[in-house]
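One structure is given here, and the rest of the page talks about it.
The values are calculated or read from the model by the stated rules, or taken from the named source; none is laboratory data. All figures in this text were calculated on a predicted structure; none of them were measured in a lab. A quick note on method: Cβ atoms are made from the backbone with ideal geometry, for glycine too, and the neighbour counts reach across all protein chains shown. Please note that ligands, DNA and RNA were not included when accessible areas were found on the heavy atoms of the full protein model with its side chains. Shrake-Rupley method; radii C 1.70, N 1.55, O 1.52, S 1.80 Å.
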Amino acid sequence: MLSDLRKSLNRRHLADPAYAFLFDEDDSGESVALAVAASSFDVGQADLLEVVAIPIRGNRLLTSRRLHLRTGPSAPDAASRDQEQAALDLLRFVGARPLVGYYLTFAVALIDRLVKPRIGVQVPNPMIEVSSLYYDHHRPSAGRPAADLRFDAILRDLDLPERGTPGPLADAVSSGLIYLTLRPPAA
């Protein structure tokens, strides 16, 4: 209920009607694994360098349908765009689908900072933080150690492939795999 009220209030503040689709009901059954690379972890100052979004449908990561954007002067010319445009392209790609990720609050806060001046609202999508799913799965109890919520420790404990070279593509794939391993069964 609270999320419906929040959605309704956000919809009223939408400055660009071209983004009204963000408030549509999502009936795709998909979610999107999201990861970003930034120039720092200071969300107020960081530059968005790269963003990766991978659709998740059923029990599959649809890596061939991923969105992979780079920004700034170091990006290849064909894929280079400014930060705001990359964030807006991400919103169009994601639509109203839920977002999945590790340290997702940082990624979404960075995107929010870039899109809010243009569209008037923050990203309204539901967010699924994979470290929270893992914590719920591995809740500490008597005789059981506290959950190690580091990204690589979660992957190891769930017997999932290592990330390899860290970066947004590897992070999005790994987040998606954690989600597929731990998500609650469909009702």
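By the scheme Lys and Arg +1, Asp and Glu -1, what is the net charge of all other residues having a beta-carbon under 15 Å from that of residue 161? Walk me through the intermediate numbers first.
Values: positive: 156, 163; negative: 152, 157, 159, 162, 171.
Surrounding charge for residue 161 is -3.
For the chain, what proportion of DSSP beta bridges, expressed in % and rounded to the nearest 5, is antiparallel?
Values: 15 of 22 bridges.
Here the antiparallel bridges make up roughly 70 percent for the chain.
Which value, in debye to the nearest 20, describes the size of the charge dipole of the chain about its Cα centre when Lys and Arg Cβ atoms bear +1, Asp and Glu Cβ atoms bear -1, and nothing else is charged? Could you put the intermediate results ahead of the total?
Numbers: 21 positive and 23 negative charges, 54 e Å.
The calculation lands at about 260 debye.
If you take every residue apart from residue 31 with its C-beta less than 12 Å away from the C-beta of residue 31, what net charge results, scoring Lys and Arg +1 and Asp and Glu -1?
On the way: positive: 57, 60, 97, 183; negative: 26, 30.
Once all neighbours under 12 Å are counted, the net charge is +2.
Taking 0.36 nm per residue of sequence separation and subtracting the Cα-Cα distance, how much length would be gained by fully extending the chain between residue 157 and residue 183, in nm to one decimal?
On the way: separation 26, 0.36 × 26 = 9.36 nm, distance 1.57 nm.
Taking residue 157 through residue 183 to full extension adds about 7.8 nm, to one decimal.
Could you please tell me the mean projected area of the C-alpha convex hull for the stretch 95-187, averaged over all directions and given in square nanometres to one decimal? Intermediate values should be presented prior to the final figure.
Details: hull surface 30.6 nm².
Mean orientational projected area (the stretch 95-187, Cα hull): 7.6 nm².
Report the label-to-label distance for residue 57 and residue 18 in nanometres (one decimal), using points 7 Å from each Cα along the Cα→Cβ vector.
For the pair residue 57/residue 18, the computed spacing is 2.6 nm.
Tell me the label only: which of (i) 17.3; (ii) 17.8; (iii) 16.9 is Kirkwood radius over Cα pairs in Å as calculated from this structure?
(i)
Please give the contour-minus-distance gain from residue 135 to residue 64: 0.36 nm per residue of separation, less the Cα-Cα distance, rounded to one decimal in nm. Write out the running numbers ahead of the final one.
On the way: separation 71, 0.36 × 71 = 25.56 nm, distance 2.99 nm.
Result: 22.6 nm gained on full extension.
According to a simple spin-label model (label point 7 Å from Cα along Cα-to-Cβ), what is the distance in nm between residue 127 and residue 165?
2.9
Taking the highest mean first, how do the peptides 83-95, 171-183 order by number of other beta carbon atoms within 10 angstrom per residue? Walk me through the numbers on the way to the answer.
Working: 83-95: 19.0, 171-183: 22.2.
Going from most to least packed, we get 171-183, 83-95.
At a Förster distance of 22 Å, what's the computed FRET efficiency of residue 85 paired with residue 106, Cβ-Cβ distance as r, to 0.05? Don't skip to the answer; put the middle values down first.
Working: r = 20 Å, r/R0 = 0.93.
Calculated value: 0.60.
Please give the per residue accessible area of the chain, computed with a probe of 1.4 Å over protein heavy atoms only, in Å². Write out the running numbers ahead of the final one.
Values: 10270 Å² over 187 residues.
Using a 1.4 Å probe on heavy atoms only, each residue of the chain averages 55 Å².
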